[in-house]
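Undergrad: Okay, here's the structure, questions in a sec.
The values are calculated or read from the model by the stated rules, or taken from the named source; none is laboratory data. Keep in mind that this is a model prediction, so the values were computed, not measured. Note that each Cβ is placed from the backbone with ideal geometry, even for glycine, and that neighbours are counted across all protein chains shown.
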Amino acid sequence: MRLCDEEIKKWLKEKKLVITPFPNESSITGVTVDIRLGNKFRKFNNTKDSFIDLSAKSKDIALEIEKNVSNEIFIKNNEVFYISPKEFILATTLENFSIPDNLVGWLDGRSSLARLGLMIHATSHRVDPGWKGNIVLEFFNSGNIKLALRPGMFIAALSFETLSQSVMHPYSSKNKAKYYLQDSIIVSRIDKD
């Protein structure tokens, strides 16, 4: 069952679900909490001959990824980050989340931004039970014009679905919880060996 606005407020008040900074009343509507864009970005370098061999050993893939992705870029609140047409970038949310073991979060982009060609997540829109940290967003500009992103702007919405019971293995208990407690942009970690 998806939580409605009143249930989201109740879970937040009881600190079963934690969002920092605490969302404004106006950002909790219907079945979602509107979330904002943070200040941290990473982009893929534009080199024609670069590639990442996804069948290679994990450590080799990690080296290729790091070679092809920029260092973290910090944009001040009053500055703008541009995403060009057909460009893929990573960014963080302003909010930090702590999802309990009996809840799953679902990330959705904003319709108004999608109509301009901005995709908010490639495929990873589930926020697992037991997960904590800032969400890393996977932006793709599928449109034909450059888009300006500003830290603090409303960028996506998160809804929450209750589970029949707490999961046996929350994200926080995984041996290789690779994105747990992230507060910066952790690039892809493909574990194969």
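Undergrad: Tell me yes or no: at least one residue of the range 65-80 is more than 18 Å from N39 (Cα to Cα) and free of Cβ contacts under 8 Å to residues at least 12 places away in the same chain.
TA: no
Undergrad: Checking the condition touching a Phe, Trp or Tyr at 6+ places or on another chain (Cβ under 7 Å) and not polar (S, T, N, Q), which residue from F74, F81 passes?
TA: F81
Undergrad: Here is a follow-up. Which members of the range 109-151 meet the condition of being buried (at least 16 other Cβ atoms within 10 Å of the Cβ) and in contact with a Pro (Cβ under 7 Å, 6 or more places away or on another chain)?
TA: P129, G130, N141, G143
Undergrad: I'd like the residue in the range 26-40 that is β-branched (V, I, T) and in a strand (DSSP E or B) and, out of all such residues, is surrounded by the fewest Cβ atoms within 10 Å (Cβ to Cβ).
TA: Within the range 26-40, the match that is surrounded by the fewest Cβ atoms within 10 Å (Cβ to Cβ) is T29.
Undergrad: Among the residues of the range 42-59, is any basic (K, R), under 27 Å from S111 (Cβ atoms), buried (at least 16 other Cβ atoms within 10 Å of the Cβ) and at pLDDT below 95?
TA: Checking the range 42-59: at least one residue is basic (K, R), under 27 Å from S111 (Cβ atoms), buried (at least 16 other Cβ atoms within 10 Å of the Cβ) and at pLDDT below 95.
Undergrad: Now for a separate question. So which residues in the range 6-25 are over 14 Å from F160 (Cα atoms) and outside any helix (DSSP H, G or I), if there are any at all?
TA: E14, K15, T20, P21, F22, P23, N24 - these are the residues of the range 6-25 that are over 14 Å from F160 (Cα atoms) and outside any helix (DSSP H, G or I).
Undergrad: Determine, yes or no, whether N96 is touching a Pro at 6+ places or on another chain (Cβ under 9 Å), surrounded by fewer than 19 Cβ atoms within 10 Å (Cβ to Cβ), of a type outside the set (A, V, I, L, M) and at pLDDT below 95.
TA: So N96 fails the test.
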